[in-house]
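Colleague: Dumping the structure here so I can ask a few things about it.
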Amino acid sequence: MSLETTLQQIYDLPISASIRENVNAFPLIESLHVLAITLVFGTILIVDLRLVGVAAHRRSADRLIRELLPYTWVAFALAVISGVLMFVSNAPAYAANLEFQLKLVAIALAGVNMAIFHSTAHRRIADWDTDLPPPAASRVSGFLSLALWTVVIVLGRWIGFTLDVLF
Amino acid sequence: MFIQSFGEWLYDTPISTTFRDITWVIPAVQSIHILAIAVVIGSALVSELRLAGLIATDEAPGNVVRRYLPWIWRALIVLLASGTLLIVAEPARTLGNTIFWVKMALVLGAFVLTMAFRRPLLAAQAGDSATPAKPIALLLLAVWVVVIFCGRFIAYT
């Protein structure tokens with residue numbers, strides 16, 4: 001079974017067809033996606049800026065992370081669900097779209113950056129929890145996260161202009 | 001009628017034509033617009049949830065508002081500037097669109113509510129207890145959410 005057949009089968013799913021056929025479905029899903037990514041970026045921005053060394057509304061970096069990350073994760077889940085729905089509605093076109101492919105790479109890199117942060121600088125957060133500026137490892141993580149999520153949003157907007165729409 | 005002829009005049013200006021001819025201008029300005037919306041949403045979310053008493057209740061409301069309100073104003077300036085560029089590039093898509101005017105009315109409403117109920121909190125002392133703010137907080141968050149939906153629907157109407 002080739003990738004093309006799989007993508008075509010996804011395209012032929014009833015849910016994909018109903019998203020294509022209902023005129024309001026795609027704009028609604030896309031609006032939810034925009035809401036979700038602004039919540040992801042808006043909350044992660046506050047945390048990343050704190051990791052870079054810009055004060056947040058509270059001094060403790062660890063408490064800030066634990067306070068805001070649940071909102072980031074819920075919003076990220078909403079972004080994934082709405083993103084998957086847009087993808088299935090036109091799977092072959094998205095899979096062939098360069099900006100879409102690069103966006104997935106950028107999201108993966110943001111995930112790797114986060115995993116590295118949590119397994120290194122965050123392990124020792126008790127040592128620098130209230131330090132401003134925080135240690136270099138924290139500043140690098142925060143800066144990379146800001147850069148990668150900015151790239152994700154820009155690439156996402158570019159998909160809307162480069163996608164070969166089939167319906 | 002006036003808006004329509006203004007839109008047609010704007011569409012024919014060299015700057016409008018240039019924005020449309022350079023293919024990356026509109027997506028780039030829209031990307032900046034979305035990033036600025038994220039700044040408003042992030043700042044509004046933390047401030048309003050604090051004022052609703054749902055997060056960071058150990059921090060004084062005044063401190064939280066002082067930290068995030070300036071960012072809402074800065075982001076709104078970026079949104080006004082990038083939004084103006086998008087109108088110049090595609091006047092008919094925006095000026096002739098009811099959803100666009102609904103969005104503008106809601107942004108104005110959110111701005112007025114924020115000025116009336118949030119700006120006074122900048123002067124609040126650490127010991128001051130917040131006025132019952134929950135309904136306004138949830139209303140403001142709801143208005144921002146509807147603004148985002150309107151923004152995306154402009155492209156489809």
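Colleague: Just to confirm, what accessible area per residue do you get for region A:3-162 at 1.4 Å probe, in whole Å²?
Modeller: For region A:3-162, the per-residue accessible area is 47 Å².
Colleague: Where in region B:133-157 does accessible area fall by at least 30 Å² between the isolated chain and the complete protein assembly, at a 1.4 Å probe radius?
Modeller: Residues losing area: B:ILE148, B:PHE149, B:ARG152, B:PHE153, B:TYR156.
Colleague: For A:ARG58, A:ARG66, give the ranking by accessible area with the largest first, probe 1.4 Å.
Modeller: Most to least solvent-accessible, the answer reads A:ARG66, A:ARG58.
Colleague: If packing is taken as the mean number of other Cβ atoms within 10 Å per residue, what is the order of A:35-45, B:61-71, highest first?
Modeller: A:35-45, B:61-71
Colleague: Taking only Cα atoms and a 10 Å spring cutoff, compute GNM fluctuations for chain B and point out the largest among B:GLU59, B:GLU48, B:GLU90.
Modeller: In this elastic network of chain B, the residue with the biggest mean-square fluctuation among B:GLU59, B:GLU48, B:GLU90 is B:GLU59.
Colleague: Do the sum for chain B: with -39,500 (n - 2.57) for every DSSP H run of n ≥ 4, divided by all residues, what is the mean residue ellipticity at 222 nm, to the nearest 500 deg cm²/dmol?
Modeller: Roughly -25500 deg cm²/dmol at 222 nm, from the helical runs in chain B.
Colleague: What list of whole percents do you get for P(r) of chain B, with Cα-Cα distances grouped in 5 Å bins up to the one holding the largest distance?
Modeller: Percent of pairs per bin, in order: 1, 9, 16, 19, 16, 12, 9, 7, 5, 3, 1, 0.
Colleague: Oh, and also: Could you give the accessible area per residue of region B:1-155, probe 1.4 Å, as a whole number in Å²?
Modeller: Here the per-residue accessible area is 49 Å².
Colleague: For B:ALA105 and B:ALA142 in one chain, what is 0.36 nm times their gap in residues minus the Cα-Cα distance, to one decimal in nm?
Modeller: Additional length available on full extension: 11.9 nm.
Colleague: Mean Kyte-Doolittle hydropathy of 0.0 or higher plus an axial Cα length of 15 Å or more: which whole DSSP H helices in chain A meet both?
Modeller: Span-like helices, by this rule, are A:25-52, A:61-89, A:98-119, A:136-162.
Colleague: Here's another thing I want to ask about it. So what's the net charge close to A:ALA36: Lys and Arg +1, Asp and Glu -1, counting the other residues with Cβ under 13 Å from its Cβ?
Modeller: Summing Lys/Arg as +1 and Asp/Glu as -1 gives 0.
Colleague: Within the protein assembly as shown, what whole-number % of the accessible surface is contributed by carbon and sulfur, with the 1.4 Å probe and all protein chains included in the calculation?
Modeller: Within the protein assembly as shown, the accessible surface is 71 percent carbon and sulfur.
Colleague: Quick one: Debye curve from the C-alpha atoms of region A:98-167, no solvent, what's log10 I(q)/I(0) at q = 0.22 Å⁻¹?
Modeller: Listed by q, the Debye log ratios stand at -0.89.
Colleague: What are the membrane-span-like helices in chain B by this rule: whole DSSP H runs, Cα extent along the axis at least 18 Å, mean Kyte-Doolittle hydropathy at least 1.6?
Modeller: B:25-51, B:98-117, B:134-153
Colleague: How would you classify the protein assembly as shown from its alpha-carbon gyration tensor, with a ≥ b ≥ c the square roots of the eigenvalues: rounded for a/c under 1.5, else prolate if a/b is greater than b/c, otherwise oblate?
Modeller: Taking the square roots of the gyration eigenvalues as a ≥ b ≥ c, the protein assembly as shown is oblate.
Colleague: I'd like to compare A:99-111, A:5-17: which one has the highest average count of other Cβ atoms within 10 Å, and what's the full order after that?
Modeller: Top to bottom by mean Cβ count within 10 Å: A:99-111, A:5-17.
Colleague: So, one more: Please report the buried accessible area for the interface of B with A, total over both chains, probe 1.4 Å, in Å² to the nearest 100.
Modeller: Counting protein atoms only, the buried area is about 2900 Å².
Colleague: What does the C-alpha gyration tensor say about the overall shape of region B:1-56? Classify as rounded when a/c is under 1.5, otherwise prolate if a/b is larger than b/c, or oblate.
Modeller: Oblate is the answer for region B:1-56, as a/c is 1.5 or above yet b/c matches or exceeds a/b.
Colleague: Another question about this same structure. Let me test this: with uniform point scatterers at the alpha carbons of chain A, what is the Debye-based log₁₀ I(q)/I(0) at q = 0.15, 0.17 1/Å?
Modeller: Debye curve over Cα of chain A, log10 I(q)/I(0) at q = 0.15, 0.17 Å⁻¹: -0.84, -0.98.
Colleague: Now a separate question. Mind checking A:93-106 for the average number of partner chain beta-carbons within 10 Å of each residue's beta-carbon?
Modeller: 0
The values are calculated or read from the model by the stated rules, or taken from the named source; none is laboratory data. Keep in mind it's a predicted model, so treat the numbers as computed, not measured. Here Cβ is always computed from backbone atoms with ideal geometry, including for glycine, and neighbour counts include all displayed protein chains. All accessible areas refer to the heavy atoms of the entire protein, side chains included, with ligands and DNA or RNA removed. Shrake-Rupley method; radii C 1.70, N 1.55, O 1.52, S 1.80 Å.
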